[in-house]
Amino acid sequence: MLSVREAVLRWSAGPEGARYDVRVTDTALRAIAGAAALSEPEYQVPLESLADLADGDRILWQVETVLPDGSRSTSETFSARIRRP
């Protein structure tokens, strides 16, 4: 469950110097949030991006790791259920 109060996505870090691109969608694959060139393996989803989602709805997210040599690796698709207070 992903609390809308925190809404932080985390993943395993790549090697030192890696950067991360994150894409977050709803289950209809509509983009709701994202960021590029993150230096840390986490992303705070803006709360306003989750405003239209109800308690129990799911979000999907993927991380593309950009390695120091410029090569890229895409994660599996992760899923989280929204939890509203």
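The values are calculated or read from the model by the stated rules, or taken from the named source; none is laboratory data. A quick note: this is a predicted structure, and the numbers were derived from the prediction, not measured. Quick reminder, even Gly has a Cβ in these numbers, built from the backbone with ideal geometry, and neighbours come from all protein chains shown. Accessible surface areas use protein heavy atoms only, side chains included; no ligands, DNA or RNA. Shrake-Rupley method; radii C 1.70, N 1.55, O 1.52, S 1.80 Å.
For residues that are over 12 Å from the mean Cα position of the chain (by Cα) and open to solvent by 30 Å² or more (accessible area, probe 1.4 Å), scanning just region 1-13, find the one that is nearest to Ile59 (Cα to Cα).
Met1
Across region 7-22, the qualifying residues are those that are in contact (Cβ under 8 Å) with a residue 40 or more places away in the chain and out of contact with any Ser or Thr (no Cβ under 7 Å at 6 or more places or on another chain), and the one among them that is nearest to Thr77 (Cα to Cα) is Val22. One residue stands out in region 73-85 among those that are open to solvent by 50 Å² or more (accessible area, probe 1.4 Å) and not hydroxyl-bearing (Ser, Thr, Tyr): the one that is farthest from Ala28 (Cα to Cα), namely Pro85. Across region 27-72, the qualifying residues are those that are open to solvent by 60 Å² or more (accessible area, probe 1.4 Å) and assigned to a strand (DSSP E or B), and the one among them that is farthest from Ala7 (Cα to Cα) is Arg72. Is it fair to say Arg5 is in a loop (DSSP other than H, G, I, E, B) and basic (Lys, Arg)? When the stated conditions are applied, Arg5 passes them.
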